[in-house]
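Okay, structure first, notes after.
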Amino acid sequence: MRSLFESVRAASVLIAVTALAACGGDDAGTEPDEPTPGFLTVALETPNGTEGAVLFRIIGPSIEEVTAYADGAIMESRTAGSTTTVALFGAFDSGPIARVAVPDTRASYTVQLQQVAASDNALRADLQSYALSIGE
């Protein structure tokens, strides 16, 4: 016959093993701690037809590279701190205009439209009906 001490000890071990099993295992629904490198797309929504130039800022950590989305577009960019200013020249309709390489696509990035010029290089006076977005 087992002693009371042995029974309590066996029950304690069983409870500890069950508790450990419940804590480990499936990590579904949790994000990994490691960065997720990749590309984000900057998209322009214009109320007009084809635009000739777009000046915008990308704000966020460690922007690695910005490339024009359209073939034949000319792009210049400069980074100061966490802000990259981008000037694109070409023919742009509503849709993707740039790809941004980043070290972690889960980090927070924002874009700010600065200027838009028509295909004849005339600056658009009102930018309120334009929209610029960034995402995967």
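Just so you know, all these numbers are worked out from the coordinates, no wet-lab data involved. Predicted model only: the values in this text are computed from it and were never measured. Here Cβ is always computed from backbone atoms with ideal geometry, including for glycine, and neighbour counts include all displayed protein chains.
Quick look at the numbers
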quantity	calculated
Karplus 3J(HN,Hα) series, Hz, for the range 127-136 with 6.51 cos²θ - 1.76 cosθ + 1.60 (x for Gly, Pro)	9, 5, 8, 9, 9, 10, 9, 9, x, 7
Cα gyration tensor shape of the range 38-135, rounded if a/c is under 1.5, else prolate or oblate by comparing a/b with b/c	prolate
Estimated vicinal HN-Hα couplings, Hz - the range 46-57 in sequence order (Karplus 6.51, -1.76, 1.60; Gly, Pro = x)	10, x, 9, x, 6, 9, x, 7, 9, 10, 8, 10
Radius 11 Å from Cβ of residue 50, net charge of other residues (Lys, Arg +1; Asp, Glu -1)	-3
